[in-house]
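Quick notes on the structure that follows.
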Ligand code: C5P
Ligand code: MG
């Protein structure tokens, strides 16, 4: 009789029994997954972060680039700009992932980081038709199993909303380049504004950074409207800021939040395990989300 308990997460979805997986409340996670299975793919939507969630954090021990870093490493920007962007990264990234600072303390600093980085990028007169090449020449990599992930969602007509504080134009090139920019994929991100000659002259709309995704979700409610009839949400992220990405789904019934814990694992484990339903430590694959999707669909 004991085997009934946690059967789903220990045996039926065997990926969830791996030592790299932490689950605070197995009973609750099982109930959510069973509800999602019962309601089927027609009631499901996926909302995912991009950088370091759909893309890899590292490959063969080397860090993989974010969408901002793809530009930063490309030939499209000057050496002087590279130095300045690198300085920004080494100043602000440690703040972004600092577990001893509150979100309120981080907020103004994140706005500062993104604003400075975007100002620098705008000065570089980046051309729209050069972005594809920058992505082709970059080391950006989607996580292992990305093909199964995108294909499963496409096949079952499950909408995928990618919600990213990165650079939308680069993000789109990455998924296009990997052949997975399917019709069920929508993106909310920071997009470049190109003039009539195709030169980037600004960034469009309200800035999205790591810790204002809730506001981003509220401002983009049109994107969410077509998703209101899908009350079950699988959410994927790598930052505590990603936890609010589903707040635009007003009638959500079952929300399963999966968090990739990539960096400063020891320091942040407790916070991640108490905030995400499922935490994946140093896992460069989409195996766990794929196994859950297979069970639901
Ligand atoms: O897609 P996602 O929301 O994860 O994109 C944001 C990530 O991009 C942040 O986690 C941050 O570390 C990174 N970033 C960067 N360079 C910047 C601004 C943000 O690499 N100038
Ligand atoms: Mg991320």
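The values are calculated or read from the model by the stated rules, or taken from the named source; none is laboratory data. Nothing here was measured: the structure is a model prediction, and the numbers come from that model. Neighbour counts are summed over all protein chains in view; Cβ atoms, including those assigned to glycine, are modelled from backbone coordinates with ideal geometry.
A few notes on this one:
- Some residue of region 117-128 being buried (at least 21 other Cβ atoms within 10 Å of the Cβ), within 21 Å of residue 217 (Cβ to Cβ) and touching a residue at least 40 places away in the same chain (Cβ under 8 Å): no
- Among the candidates 253, 228, the residue that is under 14 Å from residue 46 (Cα atoms), modelled with pLDDT of 95 or more, away from ligand 2 (no atom under 16 Å from the Cβ) and exposed (fewer than 15 other Cβ atoms within 10 Å of the Cβ) is uniquely 253.
- Residue in region 167-178 that is under 19 Å from residue 44 (Cα atoms), surrounded by 20 or more Cβ atoms within 10 Å (Cβ to Cβ) and either more than 14 Å from ligand 2 (Cβ to nearest atom) or modelled with pLDDT under 95 (or both) present: no
- Here residue 240 does not fit the description of being within 14 Å of ligand 1 (Cβ to nearest atom), touching a residue at least 60 places away in the same chain (Cβ under 8 Å), within 29 Å of residue 115 (Cβ to Cβ) and surrounded by 22 or more Cβ atoms within 10 Å (Cβ to Cβ).
- Flag for residue 148 being more than 16 Å from ligand 2 (Cβ to nearest atom) and either in a helix (DSSP H, G or I) or within 23 Å of residue 223 (Cα to Cα) (or both): yes
- Restricting region 151-166 to residues that are part of a loop (DSSP other than H, G, I, E, B) and in contact with a strand residue (DSSP E or B) (Cβ under 7 Å, 6 or more places away or on another chain), the residue that is surrounded by the fewest Cβ atoms within 10 Å (Cβ to Cβ): 159
- Checking each residue of region 59-68 against the condition of being in a helix (DSSP H, G or I) and more than 20 Å from residue 230 (Cα to Cα) gives at least one match.
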